[in-house]
Amino acid sequence: MYRKTCNNKNAVIILHEIYGINCYIEEICTEYNLQGFDVFCPDIIQRERFLYSEKTEAYQHFINNKGFEYYKVIEDLISKLKLIYDKVYIIGFSVGATIAWRCSEHPKCDGIVCCYGSRIRDYIELQPLCPVLLLFAKQDSFDVEYVAEQLAGKKNIDIHILQASHGFMDHYSDCFNKEQAQISKICIRKFLNRNL
């Protein structure tokens, strides 16, 4: 597990994409640590990080070796961290966002941010017990508007659809969209401040 701790009173769990703990995820961890969180980033894939050009191989590795049932490991981590920290949040990207979403029914989680979690559509029936911020990319591999409509009536959910493609927050990615990434960062900051 990658971690950055300074004995802060609140913790955030960062859940990476299929590529593993790459430079972008390390930068995200540093960013949230500088914002006053102790940061925990489980190595979901448990191997050398994948390159962006290895997208298909990376996804197959994730599905074959971990899959979305990995949320149970994160729920255990939430429970352990709540013994130490006042608040525990999750911020997930892509598959990490779907894993985060699956943790939304955990009674000890204080808030969840899901960034372009396209497989959330497979778990629409969940009823979040904590505040959840969903940041979807309008240009994704599924009907984003339909999924947003299905989720819109649920309690504790704040949904934003950004005019960008999947992976738009990662400045190392070909899909990076500077303007939409900045809007997302503002949304996340407001969400965390509101729920601290």
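The values are calculated or read from the model by the stated rules, or taken from the named source; none is laboratory data. Quantities reported herein were computed from a predicted structural model and do not represent experimental measurements. In this analysis, Cβ positions are derived from the backbone assuming ideal geometry, glycine residues included, and neighbour counts consider all displayed protein chains. Note: areas computed on protein heavy atoms with side chains; ligands, DNA, RNA excluded. Shrake-Rupley method; radii C 1.70, N 1.55, O 1.52, S 1.80 Å.
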* Which residues, taken from the range 36-70, are touching a strand residue (DSSP E or B) at 6+ places or on another chain (Cβ under 8 Å) and either of a type outside the set (D, E, K, R) or surrounded by 18 or more Cβ atoms within 10 Å (Cβ to Cβ) (or both)? -> Gly36, Phe37, Asp38, Val39, Phe40, Cys41, Pro42, Ile44
* Which condition number does Val73 fail, the rest of (1) within 20 Å of Ile28 (Cα to Cα); (2) open to solvent by 70 Å² or more (accessible area, probe 1.4 Å); (3) aliphatic (A, V, I, L, M) being met? -> (1)
* To do: Could you give me the residue pairs with C-beta distances under 6 Å whose first residue belongs to the range 10-22 and is within 12 Å of Asp170 (Cβ to Cβ), whose second residue is modelled with pLDDT of 95 or more and in a strand (DSSP E or B) wherever it lies, and which are 6+ apart or on separate chains?
  => Glu17/Phe93
* Structure fact -> Exactly one of Gly96, Gly20, Gly92 is open to solvent by less than 10 Å² (accessible area, probe 1.4 Å) and farther than 20 Å from Leu192 by Cα, and that one is Gly20
* Taking Ser104 as the residue in question, decide whether it is in contact with a Pro (Cβ under 8 Å, 6 or more places away or on another chain) and under 22 Å from Arg119 (Cα atoms). => yes
* Qualifying strands (runs of 3 or more DSSP E) (wholly inside the range 107-196; at least 3 residues being under 21 Å from Tyr70 (Cβ atoms)) -> 111-115, 132-139
* Take the residues of the range 76-89 that are charged (D, E, K, R) and part of a helix (DSSP H, G or I): which is least open to solvent (accessible area, probe 1.4 Å)? -> Asp76
